[in-house]
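Take a look at the structure set out below.
The values are calculated or read from the model by the stated rules, or taken from the named source; none is laboratory data. What you see is a predicted model, and the numbers here were worked out from it, not measured in a lab. With ideal geometry, Cβ positions are generated from the backbone for all residues, glycine too; neighbour counts draw on all protein chains shown.
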């Protein structure tokens, strides 16, 4: 009789213990190939990933689930990429402002051939591109220290990154113009 009284409590305690672990870096998910609007995307590990292109931001989806199952929060510093493992960490530099931030990629997108990454409203604000809606960016996969990862998982921005030099910005703009 005593056991029956405590059995219903055990599952509840387990669920309470898991509730706080919604934002995690483990397990890293690569996922299966998928198609959107007739285009097939093949998620894969991408060591050395670095690209210059365009970013936009999204914010009205706040509260929805991201591709790795987390709740999307528009004010947090996060992003969406079509093929990088989830989560991944990228440094994003706005070529118009020179600002560089660390972004936690936890969603899939953008599904437009004109953009390389979608950013949360919080990320766009930190980069100084919120008003533009779309901006030229440099994106590079990085392996940041755990303290920066932990800050992003808690909805806080990572430690400030060094702004790009005028020479580096000019070089990235040249790459973009040549594409």
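So which residues in the stretch 140-158 are in contact with a strand residue (DSSP E or B) (Cβ under 8 Å, 6 or more places away or on another chain) and closer than 20 Å to residue 74 by Cα, if there are any at all?
148, 149, 152, 153, 157, 158, listed by residue number.
Quick one: residue 103 ticks every box in (1) assigned to a loop (DSSP other than H, G, I, E, B); (2) in contact with a helix residue (DSSP H, G or I) (Cβ under 6 Å, 6 or more places away or on another chain) bar one, so which box is it?
(1)
Residues are listed down the side, and each one gets a yes or a no for (1) closer than 14 Å to residue 55 by Cβ; (2) surrounded by 23 or more Cβ atoms within 10 Å (Cβ to Cβ):
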site	(1), (2)
82	yes, no
94	yes, yes
99	yes, no
114	yes, no
128	yes, no
131	yes, no
141	no, no
147	no, no
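Within the stretch 98-119, count every residue that is in contact with a strand residue (DSSP E or B) (Cβ under 9 Å, 6 or more places away or on another chain), in contact (Cβ under 8 Å) with a residue 60 or more places away in the chain and under 20 Å from residue 163 (Cα atoms).
The total comes to 5.
Please go through the stretch 59-89 and pick out each residue that is at pLDDT below 90 and in contact with a helix residue (DSSP H, G or I) (Cβ under 8 Å, 6 or more places away or on another chain).
Scanning the stretch 59-89 gives a single hit, 59.
Please verify whether residue 93 is touching a residue at least 12 places away in the same chain (Cβ under 8 Å) and in a loop (DSSP other than H, G, I, E, B), treating the condition exactly as stated.
no
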